[in-house]
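See below for the structure under consideration.
The values are calculated or read from the model by the stated rules, or taken from the named source; none is laboratory data. In this text the structure is predicted, and so the values were computed from the model without any measurement. All Cβ positions, even for glycine, are placed from backbone atoms using ideal geometry, and neighbour counts span all protein chains on display.
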């Protein structure tokens, strides 16, 4: 018996030596976290966005009235200022911004540059109704960016045409309306729907969107994870892997690095529960810290590494991806953002929600089925039917968004190869007004080959 007691004491000591989360007292409830998130992050961000979009509209109106170099610089400054809260908000692209399709209406990228230039070369009358009926890929931030900056920010005020200025004002007015709609959708409700603030804060039985406050917390975690992965794999990764600066998000102004910094800042704000200069006692961070202080420390260190890595990229980012030396810094930033995304998707998700549920259909099987759309696009191109090829590939592209997270979880390396090949098809088949059929066909063939090679590893 004495020997058994000694053995048990040794076991107890060993267990006590193992690192484990130390739960703090006074952890906020999930319902309190949801309420604080809406009131301290979402609403202040959208309010600031609406204010800055109004300021942007005013600056563009002034530029149209008097297209001087000074007024052009003022309009550009207003455009950059309006980008900041929008990029923050990409950590919570759920709710009205999604259901009302306000994200593509405001921030479609890439834009259809050929279609936009054709529109600006026409003489048909322009008005708000005409702009409202146009596709999102000739409106929003980046269409306005092209008018204000031209290629690589080289546009002079004297080069602005009356039609460009007229269209710029109409687009800016449309953007202002979107900002106001976002605020109204969260605070008072639009189109017969209740205020989304009440939907989020009223989670529970009878709520058609959020069955519990835990579902809201899950939504917040997914939003943070998604934007960090987007920064890593699309915003940095695509121009880096393809050595194509034109794939960078704010290519015309050469300010893409600001977008990435603001995205990471937005993710930090979503986690910490407050905008710059403010502090929040109740937040997602407070919930994590109460359950596992060490994990919170890892997360904050991850944010610090990611921000430092972004700051180390030589400006402009668009040119750094072409240089072997500076592209190493871009690659480091990409990996830092990806590691932070994984920290939220794995450890943090497991702590607050539990293990991810396995999908009904394995991501590799979904991808295999989805890839038939690539074959359809290739066959259509072979017949000379570009429109049908574009339609078929868009079917794949839309479906890719539903499976990419699962593919990324299975193999980030294979995911990156597929993403790069997809970007090549987009740039050859979808982006040009008149695609080069041979180039688009080669890109489709490459994409199919990359997927076929990846599938065995993804299973």
Within segment 252-273, can one find any residue that is closer than 23 Å to residue 154 by Cα, more than 19 Å from the chain's Cα centre (by Cα) and not in a helix (DSSP H, G or I)? no
Among the candidates 106, 146, residue that is under 15 Å from the mean Cα position of the chain (by Cα), under 30 Å from residue 436 (Cα atoms) and not in a loop (DSSP other than H, G, I, E, B): 106
Which of (1) over 15 Å from residue 34 (Cα atoms); (2) touching a residue at least 24 places away in the same chain (Cβ under 8 Å); (3) more than 21 Å from the chain's Cα centre (by Cα); (4) part of a helix (DSSP H, G or I) is the odd one out, the single condition residue 184 does not satisfy? (2)
Whether any residue in segment 158-171 is surrounded by fewer than 18 Cβ atoms within 10 Å (Cβ to Cβ) and under 26 Å from the mean Cα position of the chain (by Cα) is what I want to check. no
Please indicate, with yes or no, whether at least one residue in segment 373-393 is out of contact with any helix residue (DSSP H, G or I) (no Cβ under 9 Å at 6 or more places or on another chain), farther than 23 Å from residue 114 by Cα and surrounded by fewer than 16 Cβ atoms within 10 Å (Cβ to Cβ). no
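Helices (runs of 4 or more DSSP H) wholly in segment 352-437 with at least 3 residues that are more than 19 Å from residue 455 (Cβ to Cβ) - which ones?
Working: elements: 363-370, 372-382, 386-410, 412-425.
It comes to 372-382, 386-410.
Condition check ((1) touching a residue at least 40 places away in the same chain (Cβ under 8 Å); (2) closer than 21 Å to residue 401 by Cα; (3) assigned to a loop (DSSP other than H, G, I, E, B)) across all residues:
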position: 70; (1), (2), (3): no, no, no
position: 74; (1), (2), (3): no, no, no
position: 77; (1), (2), (3): no, no, no
position: 80; (1), (2), (3): yes, no, no
position: 84; (1), (2), (3): yes, no, no
position: 91; (1), (2), (3): yes, yes, yes
position: 97; (1), (2), (3): yes, yes, no
position: 111; (1), (2), (3): no, yes, yes
position: 120; (1), (2), (3): yes, no, no
Pair list, Cβ < 9 Å and 6+ apart or interchain, from segment 347-365 residues that are on the phi < 0 side of the Ramachandran plot to residues that are at pLDDT 90 or above and part of a loop (DSSP other than H, G, I, E, B): 347/292; 348/292; 349/355; 351/292
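So for segment 408-415 (the condition being under 25 Å from the mean Cα position of the chain (by Cα), without any contact (Cβ under 8 Å) to a residue 40 or more places away in the chain and closer than 28 Å to residue 223 by Cβ), does at least one residue qualify?
Within segment 408-415, the subset under 25 Å from the mean Cα position of the chain (by Cα) is 408-415.
Next, from what is left, pick out any that are without any contact (Cβ under 8 Å) to a residue 40 or more places away in the chain: 413.
Add one more test, that the residue is closer than 28 Å to residue 223 by Cβ, and what stays is 413.
Scanning segment 408-415 turns up at least one residue that is under 25 Å from the mean Cα position of the chain (by Cα), without any contact (Cβ under 8 Å) to a residue 40 or more places away in the chain and closer than 28 Å to residue 223 by Cβ.
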Cβ-Cβ below 9 Å, separation at least six or inter-chain, first residue in segment 325-344 and at pLDDT below 95, second in a helix (DSSP H, G or I) and surrounded by fewer than 18 Cβ atoms within 10 Å (Cβ to Cβ): which pairs? 326/319
Return the residue satisfying two criteria in turn: it lies in segment 209-244 and is modelled with pLDDT under 95 and part of a loop (DSSP other than H, G, I, E, B), and of such residues it is surrounded by the fewest Cβ atoms within 10 Å (Cβ to Cβ). 243
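Quick check on my filter: what residues within segment 275-307 are under 20 Å from residue 258 (Cα atoms) and in contact with a helix residue (DSSP H, G or I) (Cβ under 8 Å, 6 or more places away or on another chain)?
Quick first cut of segment 275-307, residues under 20 Å from residue 258 (Cα atoms) only: 275-277, 302-307.
Of everything in segment 275-307, those that are under 20 Å from residue 258 (Cα atoms) and in contact with a helix residue (DSSP H, G or I) (Cβ under 8 Å, 6 or more places away or on another chain) turn out to be 275, 276, 302, 303, 305, 306, 307.
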Exclusive hit being farther than 27 Å from residue 74 by Cβ, in contact (Cβ under 8 Å) with a residue 60 or more places away in the chain and out of contact with any helix residue (DSSP H, G or I) (no Cβ under 8 Å at 6 or more places or on another chain), set 199, 217, 190: 199
